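Novice: Sharing a structure, written as structure tokens. Questions coming.
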Amino acid sequence: MSGDIRSYRGIEPRFGEHVYIDPSAVIVGDVEIGEHSSVWPLVAARGDVNHIRIGKRTNIQDNCTIHVSRVSDRNPEGHPVHIGDEVTVGHQVMLHGCKIGSRVLIGMGAVIMDGVVVEDDVIIGAGSLIPPGKVLRSGYLYVGSPVKELRRLSQQELDFLPESAANYVELKDDYGLNVSPV
Ligand SMILES: CC(C)(COP(=O)(O)OP(=O)(O)OC[C@H]1O[C@@H](n2cnc3c(N)ncnc32)[C@H](O)[C@@H]1OP(=O)(O)O)[C@@H](O)C(=O)NCCC(=O)NCCS
């Protein structure tokens with residue numbers, strides 16, 4: 001059994017090879033999830049008024065919410081959600097209308113708002129709030145509410161980012177595969 005996967009206005013979520021979706025996750029509409037990514041219990045990803053793109057080997061952990069903002073006269077592209085490859089999205093993170101690069105770790109309970117850009121190779125501490133439109137630059141640790149740049153990441157931390165993603169690829173393989181690629 002896979003998650004609750006629903007179409008919206010005739011658009012079905014689409015999955016690459018070897019994706020795992022927990023049976024309690026809800027995925028709606030214009031959502032694409034790349035190969036070897038995983039979506040854990042009670043995640044809601046709603047691609048209705050804009051689209052959601054999730055890359056390869058990325059994990060979206062339990063209780064995360066992913067939503068988008070609509071196109072308007074003020075904002076002709078609205079705010080979709082783009083998440084890169086080898087990203088770890090910790091438990092209960094809120095991602096709204098933001099762009100996340102590759103090899104990013106988003107700590108538990110973080111809130112990331114419309115128009116935020118997180119470059120590649122960033123760690124965001126648990127409980128951080130990233131206000132609309134902020135850019136988090138590559139290679140740094142950010143913490144706090146509102147978030148502040150704390151320091152440059154060590155080589156050990158940079159090396160950990162793909163390792164964290166690899167741990168989740170291994171874990172989802174252990175759970176077994178349950179959605180067909182489209
Ligand atoms: C931020 C983090 C990476 C630790 O970084 P660190 O440099 O090792 O932090 P330290 O423990 O040395 O603490 C440095 C300072 O930041 C503070 N700090 C640590 N984590 C913080 C957080 N999430 N938010 C705000 N401040 C934080 C510490 O209290 C300390 O403050 P002080 O210097 O005034 O005492 C870690 O605490 C964190 O939040 N990791 C996220 C883990 C996670 O959620 N993973 C996903 C689920 S598996």
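Novice: Could you grab me the full set of residues in the range 25-75 that are within 16 Å of the ligand (Cβ to nearest atom), part of a loop (DSSP other than H, G, I, E, B) and not charged (D, E, K, R)?
Specialist: SER37, TRP40, PRO41, LEU42, VAL43, THR58, GLN61, ASN63, CYS64
Novice: Separate question: Give the range 50-74 a look and list any residue that's buried (at least 17 other Cβ atoms within 10 Å of the Cβ) and aliphatic (A, V, I, L, M), or say none.
Specialist: Across the range 50-74, the qualifying residues are ILE52, ILE54, ILE60, ILE66, VAL68.
Novice: On to the next question. Being in contact (Cβ under 8 Å) with a residue 12 or more places away in the chain and exposed (fewer than 11 other Cβ atoms within 10 Å of the Cβ) is the filter here; which residues of the range 163-181 pass it?
Specialist: GLY176, SER180
Novice: Could you list, in sequence order, the residues of the range 129-142 that are within 16 Å of the ligand (Cβ to nearest atom) and either part of a strand (DSSP E or B) or among the aromatic types (Phe, Trp, Tyr) (or both)?
Specialist: LEU129, ILE130, LEU136, TYR140, LEU141, TYR142
Novice: Quick check on the range 130-141. Is at least one of its residues surrounded by 19 or more Cβ atoms within 10 Å (Cβ to Cβ), modelled with pLDDT of 95 or more and charged (D, E, K, R)?
Specialist: Checking the range 130-141: not a single residue is surrounded by 19 or more Cβ atoms within 10 Å (Cβ to Cβ), modelled with pLDDT of 95 or more and charged (D, E, K, R).
Novice: Looking at the range 16-30, which of the residues that are farther than 7 Å from GLY3 by Cα and of a type in the set (Val, Ile, Thr) is surrounded by the fewest Cβ atoms within 10 Å (Cβ to Cβ)?
Specialist: VAL28
Novice: Answer yes if at least one residue in the range 143-150 is of a type in the set (A, V, I, L, M, F, W, C), outside any loop (DSSP other than H, G, I, E, B) and either within 26 Å of PRO41 (Cβ to Cβ) or away from the ligand (no atom under 14 Å from the Cβ) (or both), and no otherwise.
Specialist: The answer is no; no qualifying residue exists.
Novice: Here is a follow-up. Tally the residues that are in contact with a strand residue (DSSP E or B) (Cβ under 6 Å, 6 or more places away or on another chain), in contact (Cβ under 8 Å) with a residue 40 or more places away in the chain and within 14 Å of the ligand (Cβ to nearest atom), restricting the search to the range 76-128.
Specialist: 4
The values are calculated or read from the model by the stated rules, or taken from the named source; none is laboratory data. What you see is a predicted model; the values in this text were computed from it and never measured. For neighbour counting, all protein chains shown are included, and Cβ atoms are generated from backbone atoms with ideal geometry for every residue, glycine included.
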